[in-house]
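> Could you have a look at this structure, given as structure tokens, before my questions?
The values are calculated or read from the model by the stated rules, or taken from the named source; none is laboratory data. Please read these numbers as outputs of a predicted model, since none were measured by experiment. Every residue, glycine as well, gets a Cβ built from its backbone with ideal geometry; the counts of neighbours run over all protein chains shown. Accessible surface areas use protein heavy atoms only, side chains included; no ligands, DNA or RNA. Shrake-Rupley method; radii C 1.70, N 1.55, O 1.52, S 1.80 Å.
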Amino acid sequence: MPVSSLEKGLPTVRFEDWVRDNAGPDWTITWSFTKGPKNESNHAYDFPDSVDVRGDTKDGRYFRLSIGTTTNASQVVLFWLNGAANVQHGWVGLQHLSELPRSLHRASLPRA
């Protein structure tokens, strides 16, 4: 899927390619799928499933991104769910997917 379908203004390149290009060669990228908890008595309270991306470096820096997935009667719907990066001395939450490149740049700066 193009990253632009997750956030307006991002390029129309594949999400996976965008993540790898912005992370750079020092990051090991892993992918997983998480099934969100479901409420059998009221599906309005179901949590979405998610595709989870984790990036790690040998020196201990890391980030995570979660893309929500749900289905309706005719299609699978994908949407930005959440993300965070370990920057300098702790986690920085990502409100928007477009914040990832700047956060990774800060994470790669030498620690004071």
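> Quick one: pull the percent of accessible area on the chain belonging to carbon and sulfur, 1.4 Å probe, ligands and nucleic acids left out. If you can, show how the numbers build up before the last one.
Values: 3790 of 7070 Å².
It is 54 percent, rounded to a whole number.
> Identify which of the listed values of volume of the Cα convex hull per residue in Å³ was calculated from the structure shown: [x] 88; [y] 154; [z] 116.
Among [x] 88; [y] 154; [z] 116, the one calculated here is [z].
> Let me ask something else. For Gln75 and Tyr62 in one chain, what is 0.36 nm times their gap in residues minus the Cα-Cα distance, to one decimal in nm? Display every interim value, and only then the final one.
On the way: separation 13, 0.36 × 13 = 4.68 nm, distance 3.24 nm.
Working it through step by step, the gained length comes to 1.4 nm.
> Just the number please: accessible area per residue for the chain, 1.4 Å probe, all protein chains included, in Å². Display every interim value, and only then the final one.
Details: 7070 Å² over 112 residues.
Each residue of the chain exposes 63 Å² on average to a 1.4 Å probe.
> List the aspartates and glutamates whose Cα sits under 15 Å from the Cα of Lys35, skipping any in the same chain fewer than 8 residues away.
Straight-distance partners of Lys35: Asp46, Asp49, Asp52.
> Still on this structure, I have one more. Taking a 1.4 Å probe, which of Trp31, Trp80, Trp91, Trp18 shows the most accessible area, and what order do the others take after it? It would help to have the intermediate numbers written out before the result.
On the way: Trp31 100, Trp80 45, Trp91 125, Trp18 20 Å².
The most accessible residue leads, giving Trp91, Trp31, Trp80, Trp18.
> Highest mean first, how do 36-46, 54-64 rank when packing is the count of other Cβ atoms within 10 Å averaged over residues?
Working: 36-46: 9.0, 54-64: 15.6.
Final packing ranking: 54-64, 36-46.
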